[in-house]
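To start, the structure itself, in structure tokens.
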């Protein structure tokens, strides 16, 4: 418990709490609870607020329930994926909320636990499931079952890795010789040999490949737009949705979905009639995303790619 609290630094903590309009008796959903950093900030700022926390990681949820026990009934924790936000709200007896927070980054707890397979800093089984109780395929199982073209496409699409074909070829070659990629060290070493590494590189060459597999294993992008629309459905008038992203794929989806919910058509220019269903339901409050200060990035290097976007629910027509 002490270790978890020591390593946990919620990203853009002050910026998130400042973006919320909290009043007496406010109800907030922290849709990606993690170790509860943003939830603690909200509960401390507004002594009458209640936070409903959602996390698909049972280990994180157990730790956070203990950490937030001092807040009593002002905190309720639920084991679920954030895409199930409406179901969780119904179970909690909540019809509408004043704010929703979503921090889409992998938590420190997951990154720093070698057994989870999210990081190449230590050797571990290549798992990457955020919910280990699920029946989803692990990253190792994905690499063992997809063909070369599918693996290359996955790494290129979700990792924006230009050398994805070279990486996929090496993975298949190992598999064909009876040595499938099953650990984080296996994959990191393979990628480094496939793409090379310059002393000038600031990030490990396997970073984009690991990102791609994590996104695929957890279907992160597939459920994001649905979550955003469900979150807005739950907001009361003037309620706010705060979303923190950590890479361009997520940020693009959040930006475009916010624009669509603000009534801006997302259809290609040549389509004569709008078919995307854009309806003005929110006002986007962040023309440009809010990013961490230089001080925060220095104190918490994991925050360096974070971007916060905020929208506010309009009254129903």
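The values are calculated or read from the model by the stated rules, or taken from the named source; none is laboratory data. All of these numbers come straight from a predicted model, not from anything done at the bench. Every residue, glycine as well, gets a Cβ built from its backbone with ideal geometry; the counts of neighbours run over all protein chains shown.
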Taking the conditions exactly as written (in the same structural domain as residue 240 (by TED's automatic domain parsing), free of Cβ contacts under 8 Å to residues at least 60 places away in the same chain and assigned to a helix (DSSP H, G or I)), does residue 89 satisfy them or not? no
Give me a count of the residues in region 68-83 that are assigned to a strand (DSSP E or B) and surrounded by fewer than 23 Cβ atoms within 10 Å (Cβ to Cβ). 4
All strands (runs of 3 or more DSSP E) inside region 215-317 with 2 or more residues being touching a helix residue (DSSP H, G or I) at 6+ places or on another chain (Cβ under 6 Å), surrounded by 15 or more Cβ atoms within 10 Å (Cβ to Cβ) and in contact (Cβ under 8 Å) with a residue 40 or more places away in the chain: 235-245, 307-313
Residue check, residue 95 touching a strand residue (DSSP E or B) at 6+ places or on another chain (Cβ under 8 Å) and either in the same structural domain as residue 30 (by TED's automatic domain parsing) or within 13 Å of residue 234 (Cα to Cα) (or both): no
Among the residues of region 166-206, the number that are part of a helix (DSSP H, G or I) and touching a residue at least 40 places away in the same chain (Cβ under 8 Å) is 6
Which residues, taken from region 40-67, are over 17 Å from residue 239 (Cβ atoms), part of a helix (DSSP H, G or I) and in contact (Cβ under 8 Å) with a residue 40 or more places away in the chain? 58, 59, 60, 63, 66, 67
Among (1) modelled with pLDDT under 95; (2) part of a helix (DSSP H, G or I), residue 35 falls short only on (2)
